[in-house]
Structures are given as C-alpha cells and as structure tokens.
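Trainee: Provided herewith is a single structure, encoded as structure tokens, for subsequent inquiry.
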Amino acid sequence: MQKNKPDVNHLTPDQFRQLGYQTIDLIADYMENIESYPVRSQVNPGEIYRSFPQHPPVKGKPYDEVLNDVKSVIIPGLTHWQSPSFYAYFPSHASGPSILGDLLSSGFGIQGMLWSTSPACTEIETLVVDWMVQICGLPRKFHSSQSGGGVIQDSASSATLCAAIAAREKILKANPDATLSDLTAYITDQTHSSGEKGLKIAGFRNDQVRKIRVDENFRMDVDDLTHCIEQDLSRNRIPTFICATIGTTSSLAIDPIPEIAKLANNSNIWLHVDAAYSGSAAVCPEHRYMFDGLENADSYCFNPHKWLLTNFDCDIFYVANKDELVSALTFTPEYLRNKESSAGTVFDYSGWQISLGRRFRSLKLWCVIHHYGIEGLQAHIRSHIKLAERFTVWIEESDNFELFQPTSLNLVCFRHRSGNEKSQKILEVLNDSGKIFLTHTVLNDQYVIRFVPGAMRTQMRHIEAAWEQIQQAARS
Ligand SMILES: *Cc1c(COP(=O)(O)O)cnc(C)c1O
C-alpha cells in the first residue's frame with residue numbers, strides 16, 4: 001500500500017541543500033551578468049502583477065519552477081541597484097559577505113527582542129556597534145561601556161523617530177506641568193523628510209516644528225536657530241529637539257554641528273545628528289573633520305546599508321545616555337519577564353526601538369567587518385571618492401556643463417549651462433536609455449543632476465562610459 005504523502009510539504013535538509021545551491025547560483029549569475037541589464041527597470045505599471053494568475057495556488061508547485069519565474073519575470077522588474085552604472089539617489093550595497101551573513105540570520109530564524117531570547121543576537125550587536133565607534137573614531141560616550149550605547153535599527157527614519165520620542169519623554173518628565181503641545185522642534189528644509197515625518201509620528205503638530213533658514217551652502221543658519229529658540233522661550237514653549245544633518249540628501253551639506261551643539265547644550269535641547277549617508281566616510285581619518293561637534297550630540301545615526309557594503313536594512317543608532325532611550329521605549333509584560341532582564345545585567349534591545357521583535361541584523365555587519373577589515377572598508381570609500389574627483393574635473397573642463405557646487409565626498413552636483421529645461425531633458429534621455437541611472441534635486445530653483453559613483457562595482461571605465469553618454473545626451 002502506498003504511504004500517504006504528508007499534508008505539509010516541508011523541505012528535507014537535503015532538498016534544502018540542493019535548492020539552496022541553485023539559489024546561490026542564481027545570485028552569483030546575477031552578479032556576473034549585472035552589466036547586461038538596463039539599469040532602470042523598463043516595465044510598465046501593472047505588468048509584473050498581471051504576469052501571474054490572480055488566484056493563489058491551491059497546491060504548491062516545485063521551487064525550481066518558482067526560480068524560473070524569478071528569472072523571467074522578477075529580474076526584468078528590478079531596477080539594478082547593484083549595477084556599476086547606478087548613480088542615482090544614494091547607493092544600496094549588497095556585498096557577498098553581507099548577503100551570506102543575512103542568509104545565516106534567516107537560517108537561524110531567531111527573535112532577538114530580549115537578551116534571553118538569543119544571547120548571541122544581543123551580544124554580537126553590542127560588539128559590532130562598539131567596534132564601529134572605534135572604526136569611525138566616534139565619541140567614546142557612544143560606547144556601551146560608557147553612559148551611552150548603540151543599537152541597529154532598520155533605517156535612519158526609525159532612529160530619528162526613536163530620538164524624537166526619547167527627547168519628548170525626557171522633557172515632559174523634567175517639566176511635569178507641560179503638555180506635548182508646548183514642545184518645539186527644529187529642522188531645515190534640507191533635513192531629510194524622515195525628520196519631519198518622525199516628529200509628526202512623535203506627536204508634534206506642524207506649528208511645533210520650526211524650519212530654520214539655511215545659508216548659501218544649505219547649512220542650518222545658527223543665528224536663525226538662536227532667534228527661533230528665543231522666540232519660542234518667550235512664548236512659554238519648550239524647545240525640545242533639533243535634528244541636524246551631516247551630509248544632506250540633496251547636496252551633502254553639513255550643518256555647523258559645534259555651534260548647534262553649544263546652543264542645544266545651553267538650552268537643554270536634545271540634539272540628534274543624522275549622517276545616514278556620509279557617516280560611512282568616517283572610516284577614513286581624513287574625513288573625520290566633518291564630524292566635529294558630535295561629542296556634544298545626544299544621538300547620532302548612520303546607515304551602513306547605504307555606503308558600507310552591508311545590505312538593507314542596517315542603520316546604527318547611538319545615544320549618549322542609554323537610560324533616556326530605554327526608559328522611553330521599554331515595556332515588560334509578564335510573559336516576557338526573565339531572570340537576566342530583572343537583574344539588569346543585560347541589554348534587551350526591544351527597549352531601544354519601536355517594534356518588539358527584531359532580526360539578527362548584526363550578523364551581516366559582523367561578516368562584512370571580518371571580511372574586509374578596517375583597511376578594506378577604507379579602500380572602498382577612497383575608491384569612490386577618487387571616481388567623484390575625476391568626474392568633477394571633466395565637468396569643470398566641459399564647455400556645456402558646470403558644477404552646481406564644489407564636490408563633497410562622492411556626490412557630484414552639476415547642470416547644463418543652458419538651464420533647467422535642458423538639464424531635465426538630458427536626465428530623461430539618459431535614464432530612458434537604460435545604460436545609466438541618475439536622479440536630480442532642485443536647489444535655489446535650479447534643476448541639479450546628482451551623480452553618485454557609489455555602487456560596489458563601479459570603476460573608472462564605468463564613469464568614463466557614463467561621461468561619454470552624458471555628453472552624447474547633451475547633443476541630442
Ligand atoms: C537616506 C537618508 C535618510 C533615510 O534613510 P532610511 O534609512 O531609508 O530611513 C535619512 N537621512 C539622510 C541624510 C539620508 O541620506
């Protein structure tokens with residue numbers, strides 16, 4: 001008699017091994033052929049959705065057929081962020097060691113909400129964020145052995161939200177008669193949109209969020225900040241939170257952190273510093289001048305998932321005083337109580353973030369740091385900066401194009417001398433060609449093309465080809 005098939009068709013370890021090899025092969029082939037794809041996906045809206053039956057499968061189908069769908073439908077629907085000709089936004093790296101570290105994390109399938117739910121998840125995370133204090137030369141107070149500490153968040157958006165909530169709770173605790181509507185916060189129109197969004201989620205209404213003027217270099221104007229703080233104090237409001245940026249998204253502008261920190265410290269305002277992109281440059285000592293003043297900030301974040309060879313999601317969020325963060329975000333229902341947490345001898349990182357559950361994100365960063373070493377990370381950053389320097393010279397020497405501003409790190413902001421319309425047209429032609437992908441910003445009413453040579457595999461020959469295509473698009 002034939003044995004009935006089990007109802008639930010789990011993969012055996014051996015089946016998993018075989019299909020896993022096929023999947024790794026697919027990723028390796030993807031890496032090998034990455035230059036053959038149009039950088040920006042060429043599909044139309046709805047095309048991917050309609051490629052599949054609208055009814056979900058009642059019976060499962062073999063995984064190798066699923067992999068075929070990945071090849072034939074999903075890959076054409078990707079914009080290829082790993083392409084060496086991807087110069088848009090900021091990059092999003094997926095290095096080999098990072099992918100493998102993430103795979104291990106998926107394989108173990110643990111929940112890292114408490115130390116006790118997986119001690120290695122918590123302790124490797126503490127270890128790598130402490131290492132990063134040393135790798136980036138960050139203020140000692142962010143080290144877990146001091147008053148502060150770091151934690152890995154999914155994104156800079158979440159880090160800024162957590163900082164805003166911690167600041168709100170700190171101020172409300174210190175001012176028992178105050179209500180949320182008395183608090184004010186300070187950003188600029190160059191602050192990443194996640195700053196304003198985080199403040200909104202934290203309960204700040206529009207009129208409680210002051211947009212400080214920027215100077216001609218798009219940096220927060222300290223005189224205007226001083227003025228707005230004084231004005232708010234005179235109206236019996238309580239200045240609570242400043243979000244300053246090292247490396248704005250549009251143009252990598254650096255707010256004057258030392259002066260802002262002085263003001264913040266004098267007025268007991270929480271200073272959060274967002275260096276989501278440019279924070280990775282701190283692995284090179286020659287760029288650390290950008291981070292002056294950070295020793296007086298209350299919190300700081302940057303994204304290894306942008307420029308430090310680690311795949312999404314990985315933002316490191318440091319606070320100068322971990323008690324302030326943990327007291328704002330820790331809830332311990334009975335079903336989570338355990339001996340180690342009660343003894344207070346361990347970190348429970350669920351109390352450092354919004355959600356309870358958390359992935360073993362540190363594993364990929366741990367793999368990256370081990371594989372590349374500090375020297376490898378530095379060489380990687382320097383190689384991109386060199387490419388941007390070379391590209392900058394071409395723009396400077398060009399008759400048709402001009403720099404919008406001096407190049408900072410590896411963001412080149414440039415435009416066509418004929419103006420906005422021509423610059424916009426060139427960008428459209430380039431992106432429709434599929435050969436390269438760039439994005440734009442608008443600064444002082446000028447349409448500015450952003451060129452970021454920051455993808456992992458971008459080399460001199462790629463930016464030479466890109467420059468050729470840009471000149472060609474200008475002639476069309
Ligand atoms: C990219 C970026 C962000 C947003 O990062 P997420 O991790 O996607 O939330 C915030 N601030 C700056 C300066 C950025 O460049």
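Derivation of every value follows stated rules applied to the coordinates shown; laboratory data play no part. For clarity, every value in this text was computed on a predicted model and none was experimentally measured. All Cβ positions, even for glycine, are placed from backbone atoms using ideal geometry, and neighbour counts span all protein chains on display.
Trainee: Using 21 Å as the Cα-Cα cut-off, could you pick out the over-long pairs in K141/K322; K141/K170; K71/K425?
Mentor: Going by Cα-Cα distance, K71/K425 fall outside the 21 Å limit.
Trainee: Would you work out if region 110-359 is rounded, prolate or oblate? Take a ≥ b ≥ c from the square roots of the eigenvalues of the alpha-carbon gyration tensor; rounded if a/c is under 1.5, else prolate when a/b is larger than b/c, oblate otherwise.
Mentor: Oblate, since a/c reaches 1.5 and b/c is not below a/b.
Trainee: Which ordering of H370, H384, H272 is given by a fewest-first count of other beta-carbon atoms within 10 Å? Mind dumping the intermediate values first?
Mentor: Details: H370 11, H384 21, H272 28.
In increasing order of surrounding Cβ atoms, one gets H370, H384, H272.
Trainee: Taking neighbour counts of Cβ atoms within 10 Å as a proxy for exposure, in what order, fewest first, do H371, H192 appear? If you can, show how the numbers build up before the last one.
Mentor: Values: H371 16, H192 21.
Lowest to highest Cβ neighbour count: H371, H192.
Trainee: What distance in nm separates the two pseudo spin-label positions at V429 and Q446, each 7 Å out from Cα along the beta-carbon direction?
Mentor: The modelled label-to-label distance comes out at 2.1 nm.
Trainee: Just to confirm a number: summing +1 for Lys and Arg and -1 for Asp and Glu over residues other than M132 whose beta-carbon lies under 12 angstrom from that of M132, what do you get?
Mentor: -3
Trainee: Right, another one. Can you list residues from other chains, or at least 5 along the same chain, whose modelled amide H is less than 5 Å from the amide H of T245?
Mentor: Answer set, sorted by chain and number: D255, D274.
Trainee: Let me ask you something else. Using θ = phi - 60° and the Karplus form 6.51 cos²θ - 1.76 cosθ + 1.60, what ³J(HN,Hα) does each residue of region 251-261 get, whole Hz, x for Gly and Pro?
Mentor: Calculated HN-Hα couplings, in order: 9, 6, 5, 10, 5, x, 4, x, 5, 5, 5 Hz.
Trainee: Along the principal axes of its C-alpha atoms, what lengths does the chain span, in descending order and rounded to whole Å?
Mentor: 81, 70, 45
Trainee: For every helix of n ≥ 4 consecutive DSSP H residues, a contribution of -39,500 (n - 2.57) applies; sum these over the chain, divide by its total residues, and give [θ] at 222 nm rounded to the nearest 500 deg cm²/dmol.
Mentor: Roughly -13000 deg cm²/dmol at 222 nm, from the helical runs in the chain.
Trainee: Right, next: Show me the ranking of peptides 461-469, 291-299 by mean Cβ neighbours inside 10 Å, starting with the highest.
Mentor: Answer by packing, highest mean first, reads 291-299, 461-469.
Trainee: Sequence gap at least 6, Cα distance under 8 Å: using those rules, report the relative contact order of the chain to the nearest whole percent.
Mentor: On the way: 817 pairs, mean separation 102.5, N = 476.
Relative contact order comes out at 22 percent.
Trainee: Rounded to the nearest 0.05, what FRET efficiency do R457 and A120 have when you use their Cβ-Cβ distance and R0 = 35 Å? Write down the numbers at each step before the final one.
Mentor: Working: r = 32 Å, r/R0 = 0.91.
Plugging the Cβ-Cβ distance into 1/(1 + (r/R0)^6) gives 0.65.
Trainee: Same structure, new question: Find the Cα radius of gyration of region 286-437, compare it with 2.2 N^0.38 Å by division, and give the number to two decimals.
Mentor: So the Cα radius of gyration is 1.51 times the expected 2.2 N^0.38 Å.
Trainee: I need the phi-derived Karplus couplings for region 325-337: 6.51 cos²θ - 1.76 cosθ + 1.60, θ = phi - 60°, integer Hz, Gly and Pro marked x.
Mentor: With the stated coefficients, region 325-337 comes to 6, 5, 5, 6, 10, 9, 10, 10, x, 3, 5, 10, 5 Hz.
Trainee: For the residues K59, K322, K173, what sequence is obtained by ranking on other C-beta atoms within 10 Å, fewest first? Write out the running numbers ahead of the final one.
Mentor: Numbers: K59 5, K322 21, K173 12.
Fewest to most other Cβ atoms nearby, the residues stand as K59, K173, K322.
Trainee: How far apart, in nanometres, would the label points at S106 and K211 be if each is projected 7 angstrom from Cα along the Cα-to-Cβ direction?
Mentor: Taking the simple label geometry, S106 and K211 are separated by 4.1 nm.
Trainee: What FRET efficiency comes out for the pair Y335/E169, r = Cβ-Cβ distance, R0 = 25 Å, nearest 0.05? Numbers along the way, then the final one.
Mentor: Working: r = 24 Å, r/R0 = 0.98.
Taking R0 as 25 Å, the efficiency between Y335 and E169 is 0.55.
Trainee: I need the phi-derived Karplus couplings for region 36-43: 6.51 cos²θ - 1.76 cosθ + 1.60, θ = phi - 60°, integer Hz, Gly and Pro marked x.
Mentor: Per residue, the Karplus-derived 3J(HN,Hα) values read 8, 8, x, 4, 8, 3, 9, 6 Hz.
Trainee: Then there's this: Count the net charge of all other residues whose Cβ sits under 10 Å from the Cβ of P84, scoring Lys and Arg as +1 and Asp and Glu as -1. Show your work: numbers first, answer last.
Mentor: Details: positive: R457, R461; negative: E35.
The answer is +1.
Trainee: A further question on this structure: Nearest-5 percent of antiparallel DSSP beta bridges in the chain? Could you put the intermediate results ahead of the total?
Mentor: Values: 23 of 40 bridges.
Of the beta bridges lying entirely in the chain, close to 60 percent run antiparallel.
Trainee: Let me ask something else about it. Rounded to the nearest 0.05, what FRET efficiency do F52 and I354 give with R0 = 25 Å and r taken as the Cβ-Cβ distance? Could you check?
Mentor: With a Förster radius of 25 Å, E is 0.15.
Trainee: Here's a follow-up. Report, by chain and number, residues whose modeled amide H sits under 5 Å from the one on L183, excluding near sequence neighbours (fewer than 5 apart, same chain).
Mentor: I238
Trainee: Still on this structure: For all pairs of alpha-carbon atoms in region 369-475, what percent lies in each bin of width 10 Å, listed from the first bin to the last filled one?
Mentor: 14, 46, 28, 9, 2
Trainee: Still on this structure, I have one more. If the chain between D14 and D177 were fully stretched, how many nm would it gain, using 0.36 nm times the residue separation less the Cα-Cα distance?
Mentor: Result: 52.2 nm gained on full extension.
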